[in-house]
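Down below is the structure, laid out as structure tokens.
Every number here is computed from the coordinates shown, using simple stated rules; none is lab data. As the structure is a prediction and not an experimental result, all values here were calculated from the model. Positions of Cβ are generated from backbone atoms using ideal geometry, with glycine treated the same way; all protein chains shown enter the neighbour counts.
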């Protein structure tokens, strides 16, 4: 297991294929051979990334007529990605099952902003939600501005009495045009943008982007930087899991655990601030290395932190486990079937709570996770309770990882030297990095002068949002906040 | 559970001391607050948070205001679920074009007198997202803003200072 490179250099080279091979690849993925990692547009081409037996492969189809064979026809997880390609680049999937616009709400003043960019009125498009037939249904529209302190999105419930018959999501409200801003940006500027795709996963995104750029440049970050990245990533995971576990209990009206988890989360953020100078550790990971070092004070601070978590968190876990009124809300609520989790390649606690034992830190894997011991917790039940338990188990795994990193942290520099003058990988690089929410896929292509020509970042939420629609079906409307919080998908990460 | 509750009774409070409001923020507020409103609302303010395009970093720190360390409710400030219950809109993010109408409607649904606090660098000047086809601009280009709290994201103590400045100006 030793000697695994920091970047996902085990990826196969990109292959340009014809329509028949492109379609066959889609059918293979639909039949369960491999997992769709992403599907994205580029200048007159579309790319498809898939994971098969720990290897990442990328196919490219040249859209001579501005069209490409639809993958979504066989494989529903590709549908929203295809709609997005059409919205941003104007490249059309042929005979797609869903022709509605997705991120484009008709407000940008133009269509296809990364393609031909023709001007269009910004008065807003109507959106046809899927019809539900049969009495006595009623609809409940929710959002984009929600009741809590959360991100904006629209949920259209169709309910029969108290029971949800269908949930349809409409997203794209926080679309900020990140793909457009990335194009032509310097790697330094682009790293800042990558760290703000989804603020709660800033470290995971920064690592994914940095690994992709390093792969493109043939740059090797120094060992100390690689280990510090893992340390920051695990701090981020623990902080987010504390936030989620507390918030899920709060949505079941059990505020005691929420109050205590908020305190633990605050301790983690304060430790991050003390060690790295920023509570969320934004801009601390850059291509080539890291920008903040960990001193002896910081090491002592983190040891105190992990000891405190090991002392206090088990009491909260015991309380969660022994409170029948709380279990009554979480057990058997919002069940996500295992086959759906596998079909959509659902990452993170959502997939792992439904039996999909995938973790990008294990396979394809990246340094330094080949040098540390950790387990990937998996549950089969697929309900809110299972998603809470996966998070609980992951907190203990991450605490152990933080301790192992502190033990093994090598000395040396924080930044790699200048990049080799002749890039060895054709100026393209990719990475698959495990954020707290799941695997983040990053792909970059650099200009000859080192600027970003195209950067695609795929949030785990792309394949998790559609599953929320499935998990809520047959549950009561009042359990939606609980289900939604147990998924905790990113709006900003998805909307880009 | 009893053990946890008992421990909490014996522990000293985690809550931080109240911060003093910042000078420049007071100056910005003095212009925007009318005496009549101060008399009407006293020291109590209801806040409706609106994410108009943020990366969700600001939301994480706004959430932290509710934890035991910052305990925002001791200052008479509380978050409410509807703009119709709110005195203050706390807006984050560069306003995206897809959120502009929702933000305008939220503002229109908030009863007078009302104030708008723009939290975070993006809300002040779009931050790293400036120059995008998908962003309208700063919050002040869509609705009138009374106070800016800077930072990427502003930490909870900075947010608290700004909001306390808002309350202090209202009870002069």
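A compact table of results
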quantity: Projected area averaged over orientations for the range A:162-283, convex hull of C-alpha atoms, nm²; calculated: 10.6 nm²
quantity: Equivalent ellipsoid dimensions for the range A:133-226 as semi-axes, Å, which come from the Cα gyration tensor, largest first; calculated: 42, 14, 12
quantity: For the range B:120-171, alpha-carbon Rg relative to the globular expectation (2.2 N^0.38 Å, N residues); calculated: 1.28
quantity: Burial ordering of A:463, A:74, A:242, A:157, fewest other beta-carbon atoms within 10 Å first; calculated: A:74, A:157, A:242, A:463
quantity: Spin-label model distance (nm) - residue B:112 vs residue A:337, 7 Å beyond Cα toward Cβ; calculated: 5.6 nm
quantity: FRET efficiency estimate (nearest 0.05) - Cβ-Cβ, residue A:310 to residue A:408, R0 25 angstrom; calculated: 0.85
quantity: Gained length - residue A:28 relative to residue A:123, 0.36 nm times residue gap less alpha-carbon distance; calculated: 30.1 nm
quantity: Cα gyration tensor, the range A:1-127 - rounded (a/c under 1.5), prolate or oblate; calculated: prolate
quantity: Cα Rg over Rh - the range A:193-257, Kirkwood; calculated: 1.17
quantity: Stokes-Einstein D (µm²/s) once Rh is taken as the Kirkwood radius of the range A:269-380 over alpha-carbon pairs, at 20 °C in 1.002 mPa s; calculated: 122 µm²/s
quantity: The range B:63-104: Cα Rg divided by the 2.2 N^0.38 Å rule of thumb; calculated: 1.44
quantity: Mean separation of Cα contacts under 8 Å (6+ apart) over length of chain A, as relative contact order %; calculated: 19 percent
quantity: Theoretical ellipticity at 222 nm over the protein assembly as shown - DSSP helices of four or more residues, -39500 (n - 2.57) apiece, nearest 500; calculated: -12000 deg cm²/dmol
quantity: Proxy reagent accessibility, fewest Cβ within 10 Å first, across A:455, B:152; calculated: B:152, A:455
quantity: Three principal axis lengths of the range A:376-492 [C-alpha, angstrom, descending]; calculated: 60, 39, 21
quantity: Least to most buried among A:371, A:391, A:361 (fewest other Cβ within 10 Å first); calculated: A:371, A:361, A:391
quantity: Value of Rg/Rh across the range A:320-362 [Cα atoms, Kirkwood radius]; calculated: 1.10
quantity: Convex hull of the range A:317-427 built on C-alpha atoms - directionally averaged projected area, nm²; calculated: 10.4 nm²
quantity: Spherically averaged projected area in nm², based on the convex hull that wraps the Cα atoms of the range A:449-495; calculated: 4.0 nm²
quantity: Calculated FRET value between residue A:273 and residue B:133, using beta carbons and R₀ = 45 Å, to 0.05; calculated: 0.80
quantity: Separation in nanometres of the label points that stand 7 Å from Cα toward Cβ, at residue A:477 and residue B:68; calculated: 3.7 nm
quantity: Cα Rg over Rh - the protein assembly as shown, Kirkwood; calculated: 0.95
quantity: Per-bin percent of Cα-Cα distances, the range B:40-172 [5 Å]; calculated: 2, 12, 23, 24, 21, 12, 5, 1, 0
quantity: All-pairs Cα distance distribution in the range A:64-141, expressed in whole percent, bin size 10 Å; calculated: 17, 40, 29, 11, 2
quantity: Distance in nm between pseudo-label sites at residue A:263 and residue B:125 (7 Å out along the Cβ direction from Cα); calculated: 4.1 nm
quantity: Förster radius 41 Å - calculated FRET efficiency between residue A:427 and residue A:140, Cβ distance, rounded to 0.05; calculated: 0.25
